[in-house]
Amino acid sequence: MFEPMNKGHAISEATFFFEFDNIPTPILNAMLATHNAVADLLPRNDPAFGMMFEQSSAGFSMNQIPGAEWKHFSPDGNASWIARIMQNTVSVHCLQYNRWSEVWPKAFRILAAIFSAAKGQPLPLSNVGLRYVDRFDFKGDVRNYTLQSLIRRDSPHVADRVLNAGPRWHNYTGWFDTSDELRTEILQQLNIDAIVQMGTNLPIVSVTHASVVRGENPAELDKYRDFTHISESPVAKLMATARNNNHKLLRELLTDDMLKRIDLGMGE
């Protein structure tokens, strides 16, 4: 039988991400300098340098680009929150998810501090979104493995042959939905990986689902860098929509029994 990774939910990671073609070095340095504003949430500040390769008449050159990972660790020594600021990406990762009503305010505060350094500056976004990873572990005798205890037989998101496959398989797909509230198309990316855990030889199924808004024109997504309101700003509405999209996806993917066990639709 499959078990969700946590009691009451299966979320192993929730990632709020903002992707750029390039963050200019002065803005990147200004973002890195905002750490003190969230040091109480993410006390550890580790450098995470990137590399840029450039071609000129003199040949190729390689330059180091500043970056950082800000972290908070739980008492067991595992990272519970991470913020990454790199040349092309700003992301906040919640690795010990509890409730949306607690996770989003914390992510909002961290992102608001980082993007305050770029206020009024040209910084075109290429992608912005929310990604969930849900993990389900098979417990018991592997000879009794059956995927139908986790995945709906009539799910539109999994190929028929996967339902009759063994414990190792992959199923990747993507599609666009139109959001009436956001008045834009949202790319839904779904990656499902089924592996066998080393040591125990027990199956693990990980469901990675992202809702992504993509920009096609400069400044098209600038509104998603506005962190003036935790629930009414465009970025807040996008993240709320992305969360709802994930709930909808899981309802179409998982069995009724598993949905009850992760309390989907019965709270957070």
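Descriptive notes on the structure:
- Search result, residues across the stretch 185-210 that are surrounded by 16 or more Cβ atoms within 10 Å (Cβ to Cβ) and more than 25 Å from Leu163 (Cα to Cα): Ile186
- Only one of the listed residues (Gly59, Gly67, Gly50, Gly77) is modelled with pLDDT under 95 and buried (at least 17 other Cβ atoms within 10 Å of the Cβ). That residue is Gly67.
- Figure legend. Inter-residue proximity from the stretch 234-246: first residues free of Cβ contacts under 8 Å to residues at least 60 places away in the same chain, second residues surrounded by 20 or more Cβ atoms within 10 Å (Cβ to Cβ) and of a type in the set (Ser, Thr, Tyr), beta-carbon distance below 6 Å, spacing 6+ or different chains. Indicated pairs: Pro234/Tyr224.
For every residue, the table says whether it meets (1) surrounded by 13 or more Cβ atoms within 10 Å (Cβ to Cβ); (2) closer than 30 Å to Gln96 by Cβ; (3) in contact with a helix residue (DSSP H, G or I) (Cβ under 9 Å, 6 or more places away or on another chain).
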residue	(1), (2), (3)
Arg109	yes, yes, yes
Val133	yes, yes, no
Leu150	yes, yes, yes
Val158	yes, yes, yes
Arg161	no, no, no
Gly174	no, yes, no
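- Note on the stretch 1-52: enclosed strands (runs of 3 or more DSSP E) holding 2 or more residues that are in contact (Cβ under 8 Å) with a residue 12 or more places away in the chain and either under 30 Å from Arg261 (Cβ atoms) or small (Gly, Ala, Ser) (or both) are 2-4, 11-20.
- For Tyr97, the conditions (1) closer than 30 Å to Thr173 by Cβ; (2) in contact with a helix residue (DSSP H, G or I) (Cβ under 7 Å, 6 or more places away or on another chain); (3) aromatic (Phe, Trp, Tyr); (4) in a strand (DSSP E or B) are fulfilled apart from (4).
- Residues of the stretch 163-219 classified as β-branched (Val, Ile, Thr), closer than 30 Å to Thr146 by Cβ and free of Cβ contacts under 8 Å to residues at least 24 places away in the same chain, total: 2
Here is a yes/no grid of residues against (1) part of a loop (DSSP other than H, G, I, E, B); (2) touching a Gly at 6+ places or on another chain (Cβ under 7 Å); (3) of a type in the set (D, E, K, R); (4) free of Cβ contacts under 8 Å to residues at least 60 places away in the same chain:
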{"residue": "His72", "(1), (2), (3), (4)": "no, no, no, yes"}
{"residue": "Asp76", "(1), (2), (3), (4)": "yes, no, yes, yes"}
{"residue": "Ala83", "(1), (2), (3), (4)": "no, no, no, yes"}
{"residue": "Lys106", "(1), (2), (3), (4)": "no, no, yes, no"}
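- Single residue of the stretch 139-168 satisfying the filter (touching a strand residue (DSSP E or B) at 6+ places or on another chain (Cβ under 7 Å) and hydroxyl-bearing (Ser, Thr, Tyr)) that is nearest to Thr255 (Cα to Cα): Ser149
- Selected residue (criterion: surrounded by the fewest Cβ atoms within 10 Å (Cβ to Cβ)) from residues of the stretch 80-99 that are of a type in the set (A, V, I, L, M, F, W, C) and under 17 Å from Asn6 (Cβ atoms): Leu95
- Considering the stretch 135-148, and only residues there that are of a type outside the set (Val, Ile, Thr) and more than 26 Å from the chain's Cα centre (by Cα), the residue that is nearest to Gly8 (Cα to Cα) turns out to be Lys139.
- Strands (runs of 3 or more DSSP E) lying entirely in the stretch 149-268 (those with 3 or more residues that are at pLDDT 90 or above and among the β-branched types (Val, Ile, Thr)): 184-196, 203-214
- Glu102 vs. criteria over 12 Å from Met31 (Cβ atoms), surrounded by fewer than 17 Cβ atoms within 10 Å (Cβ to Cβ) and at pLDDT 95 or above: yes
The values are calculated or read from the model by the stated rules, or taken from the named source; none is laboratory data. The shown structure was predicted, so the numbers you read here are calculated from the model rather than taken from an experiment. Note that we place each Cβ from the backbone using ideal geometry, even for glycine, and neighbour counts take in every protein chain shown.
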